[in-house]
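Since the structure comes first, as structure tokens, the remarks are kept for the end.
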Amino acid sequence: MIKNTIKYVLIFSALLLIGHSLHSSILVNRTILLPFSLLKVYWFHAILSLLICLVIEVFSWWKKYHDQLGFIYLAAFVVKIIVFSIVFNKVLFSDQSLSKTHSFTLLIPLAIFLIAEVYFITQILNRKHSDRIK
């Protein structure tokens, strides 16, 4: 479990650094100014994606939760979207509507970390534990 935790931290940290660097450099080259902090959006998704993977990893060790891991993940993802809406409510629900570019910029970090999340969750779901806790 410690090995997997280190792997998750390293992968999500790399996605945070590389994704934000590339994304912000593209925005700077196109002189696009955002009404929100792109770094905060990336940090939010990195931290919550890491937490979701760690929670699913912990639940995977209990035999009674193994069959519900997919539902636990779906609930965690919904909670992530709700928390995102609460944290970034000034950006999402302001009087000025977001342009398509700004909206797309908010979705890119979500997509990046969602792909990594789903990959890790799939690995966890396919893993066989012979020494599960009852």
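Select from segment 28-56 the residues that are among the hydrophobic types (A, V, I, L, M, F, W, C), over 19 Å from V91 (Cα atoms) and surrounded by fewer than 16 Cβ atoms within 10 Å (Cβ to Cβ) and list them in ascending order. Across segment 28-56, the qualifying residues are V28, I47, L51, V55.
Quick grid of which residues meet (1) touching a residue at least 40 places away in the same chain (Cβ under 8 Å); (2) out of contact with any Ser or Thr (no Cβ under 7 Å at 6 or more places or on another chain):
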| residue | (1), (2) |
| --- | --- |
| V9 | yes, yes |
| S24 | no, yes |
| P35 | yes, yes |
| L54 | yes, no |
| K63 | yes, yes |
| V83 | no, yes |
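Among residues of segment 99-121 that are small (G, A, S) and part of a helix (DSSP H, G or I), those with a Cβ under 7 angstrom from a residue that is modelled with pLDDT of 95 or more and crowded, with 16+ Cβ neighbours inside 10 Å, sequence gap 6+ or separate chain, pair up as A116/I11; A116/F12; A116/L15; A116/S49.
Here segment 57-78 is the region considered, the condition is being buried (at least 16 other Cβ atoms within 10 Å of the Cβ) and among the small types (G, A, S), and the residue that is modelled with the lowest pLDDT is S60. Mind checking whether some residue in segment 77-86 is out of contact with any strand residue (DSSP E or B) (no Cβ under 8 Å at 6 or more places or on another chain), basic (K, R) and over 24 Å from V9 (Cα atoms)? Within segment 77-86, none of the residues are out of contact with any strand residue (DSSP E or B) (no Cβ under 8 Å at 6 or more places or on another chain), basic (K, R) and over 24 Å from V9 (Cα atoms).
Restricting attention to segment 85-111 and to residues that are of a type outside the set (F, W, Y), surrounded by 14 or more Cβ atoms within 10 Å (Cβ to Cβ) and at pLDDT 85 or above, the residue that is nearest to P35 (Cα to Cα) turns out to be H102. On the stretch given as segment 3-33, residues that are within 18 Å of F104 (Cβ to Cβ), part of a helix (DSSP H, G or I) and at pLDDT below 90 total 0. Could you check, for segment 98-106, whether at least one of its residues is over 19 Å from I11 (Cβ atoms), within 18 Å of the chain's Cα centre (by Cα) and among the aromatic types (F, W, Y)? Checked segment 98-106: at least one residue is over 19 Å from I11 (Cβ atoms), within 18 Å of the chain's Cα centre (by Cα) and among the aromatic types (F, W, Y).
The values are calculated or read from the model by the stated rules, or taken from the named source; none is laboratory data. Note that the coordinates shown come from a computational prediction; the quantities given were computed from them, not determined experimentally. Methodologically, a virtual Cβ is constructed for each residue, glycine included, from the backbone with ideal geometry; neighbour enumeration extends over all protein chains shown.
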